[in-house]
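Below is one structure, written out as structure tokens; comments come after it.
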Amino acid sequence: MIFGKNRDKGIVLIGRSLKVVKLGEGITEADVLVHDETTEDTGIHTMLAQMRPPEYPMVFGVIRAVKKPTYNQMFFEQQEEQMAHGPIRNVDELLNSGETWEVK
């Protein structure tokens, strides 16, 4: 991740933090972080999304592009699974299941 008007700055990962460094001052291009938007782990993606000027450059473009089901897809799949195989498939079955109580 090289940036700057003269492309002389970079982002490196030191421990669990990102740091802006100047290339040529003991730092080479090989030391600079290479971003992979397809990485499953969200750690670096989250750190990149939280970078703000003036300390860091503003991030543009794709930060994360992982092929996974969306929350909605997983929700509806789980709902269909429960309706097909669960012990209680709808509200009527729940109310007539004997697992109810009266409030007096």
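Among residues of the stretch 1-19 that are of a type in the set (D, E, K, R), those with a Cβ under 6 angstrom from a residue that is outside any strand (DSSP E or B), sequence gap 6+ or separate chain, pair up as Asp8/Leu23.
The number of residues in the stretch 50-101 being open to solvent by 90 Å² or more (accessible area, probe 1.4 Å) and in contact with a helix residue (DSSP H, G or I) (Cβ under 6 Å, 6 or more places away or on another chain) comes to 2. Among the numbered conditions (1) open to solvent by 60 Å² or more (accessible area, probe 1.4 Å); (2) assigned to a loop (DSSP other than H, G, I, E, B); (3) farther than 29 Å from Pro69 by Cβ, the only one that Lys19 does not meet is (2).
Here is a yes/no grid of residues against (1) assigned to a helix (DSSP H, G or I); (2) touching a residue at least 60 places away in the same chain (Cβ under 8 Å); (3) within 20 Å of Lys9 (Cα to Cα); (4) hydroxyl-bearing (Ser, Thr, Tyr):
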position	(1), (2), (3), (4)
Gly24	no, no, yes, no
Ile44	yes, no, yes, no
Val62	no, no, no, no
Gln73	yes, no, no, no
Glu77	yes, no, no, no
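The values are calculated or read from the model by the stated rules, or taken from the named source; none is laboratory data. Source: prediction; values computed, not measured. In this analysis, Cβ positions are derived from the backbone assuming ideal geometry, glycine residues included, and neighbour counts consider all displayed protein chains. SASA here: full protein model, heavy atoms, side chains in, ligands and nucleic acids out. Shrake-Rupley method; radii C 1.70, N 1.55, O 1.52, S 1.80 Å.
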